[in-house]
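Read the figures in this text as sums done on the coordinates, not as results from a lab. Computed from a predicted structure; not experimentally measured. Reconstructed Cβ throughout: ideal geometry from the backbone, glycine too, with neighbour counts over all protein chains shown.
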Amino acid sequence: MKTNFPKYQWTASGDDGVLLGEKYAIKITSYDQTIVECDTIFKELQLPILEARIITPEDKSLWIEVEKALNDVEYKDKYGKEINHITQALVMNRISGVELHKLSLDKPIEKETLHQLFHDIGKLVVIDLYVRNYDRFPLSAFRDELLHSEFDDVGDERWIPWDENPENILIDITSGRAIPIDSASYFKGIDTTAYRTIVRRLLSQQIQEIMWHILTSPNYARLFCPSIDMANESIIQHAKQLGIFAKLHAGMEEAIGFIGNKL
Ligand SMILES: Nc1ncnc2c1ncn2[C@@H]1O[C@H](COP(=O)(O)OP(=O)(O)OP(=O)(O)O)[C@@H](O)[C@H]1O
Ligand SMILES: [Mg+2]
């Protein structure tokens with residue numbers, strides 16, 4: 001039967017990709033329960049969330065959506081390989097927003113929007129450190145401190161854990177929100193107590209360094225700097241003049257206050 005609903009399609013970005021439909025975004029592989037746990041923390045911190053839920057065929061109304069999505073792509077993954085029997089999937093709300101590095105900056109972003117964005121980003125950085133999500137922010141300067149597990153992603157020539165992954169943060173320029181996607185927590189093989197001690201120390205002693213690494217990373221600097229070829233000191237100066245430095249700091253402090261006694 002022919003319907004007029006737009007078809008689900010694989011996203012071009014992401015290693016395994018996501019099936020994007022009109023209302024939902026569906027993941028068949030590379031997710032786990034920790035995305036739902038991250039969502040819970042983000043929600044409590046008033047960050048925008050995808051309402052990710054892992055569903056099975058028993059969740060009839062949403063499973064119909066998974067079947068429609070698979071049908072639309074003829075049961076082929078994004079590389080054309082046959083998808084076999086699926087017993088669960090991750091269903092998220094489809095959200096509007098543009099991947100950080102793909103944002104077109106034809107006109108400068110309003111100051112208020114930048115403030116909201118960097119406030120969100122500040123909260124996100126702290127939570128990513130807390131849950132040990134090494135797949136979003138440019139924190140490779142701290143890689144050696146943030147412990148290593150044989151179960152960590154080995155990465156490839158483009159990316160290894162704690163390198164920036166700008167595909168995992170969407171920017172909604174109209175609402176000025178930074179939306180976390182593809183969140184995860186990686187603790188397998190990690191001594192949680194030792195890790196928490198490191199993060200607590202990092203956040204109390206090197207918060208300014210963390211902020212520097214984010215603000216001077218070209219994908220972030222370009223949001224507020226006329227040119228990213230400026231010296232790092234000038235980029236930071238610019239961030240301070242625009243009040244962005246203070247907003248990033250405030251977001252981080254808010255999240256630190258939130259997780260405070262758990263660290
Ligand atoms: N809920 C959503 N709403 C809109 N777009 C989304 C949503 N989830 C993902 N996307 C888009 O799909 C892309 C790929 O998503 P995601 O990062 O979850 O896939 P992946 O293949 O697991 O990636 P990775 O290579 O990081 O493991 C994102 O960068 C984003 O552009
Ligand atoms: Mg991703």
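Below, the figures for the structure above:
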quantity: Dipole magnitude of the chain about its Cα centre (Cβ charges: Lys, Arg +1; Asp, Glu -1), debye to nearest 20; calculated: 600 debye
quantity: Rg/Rh for segment 1-46, where both radii come from Cα atoms and Rh is the Kirkwood radius; calculated: 1.10
quantity: Listed residue pairs exceeding 18 Å between alpha carbons, taken from LYS7/LYS102; LYS43/LYS123; LYS27/LYS78; LYS43/LYS240; LYS123/LYS247; calculated: LYS7/LYS102; LYS43/LYS240
quantity: Two-decimal ratio, segment 98-262, of alpha-carbon radius of gyration to 2.2 N^0.38 Å; calculated: 1.01
quantity: Inter-probe distance in nm under a simple model that places probes 7 Å from Cα toward Cβ, at SER234 and ILE109; calculated: 2.1 nm
quantity: Two-decimal ratio, segment 9-93, of alpha-carbon radius of gyration to 2.2 N^0.38 Å; calculated: 1.10
quantity: The chain - mean residue ellipticity at 222 nm from DSSP helices (-39,500 (n - 2.57) per run, n ≥ 4, rounded to 500); calculated: -11500 deg cm²/dmol
quantity: The chain: relative contact order in percent, alpha carbon pairs under 8 Å with at least 6 residues between; calculated: 22 percent
quantity: In segment 25-62, the GluC sites (Glu not before Pro) that fall in loop regions by DSSP, at most 15 other Cβ within 10 Å; calculated: GLU51, GLU58
quantity: Three-way shape label, segment 195-263, alpha-carbon gyration tensor, a/c 1.5; calculated: prolate
quantity: Under Karplus coefficients 6.51, -1.76 and 1.60, residue-wise ³J(HN,Hα) of segment 102-119 in Hz, glycine/proline x; calculated: 9, 5, 8, 10, 4, 10, x, 7, 4, 4, 4, 5, 4, 4, 4, 4, 6, 5
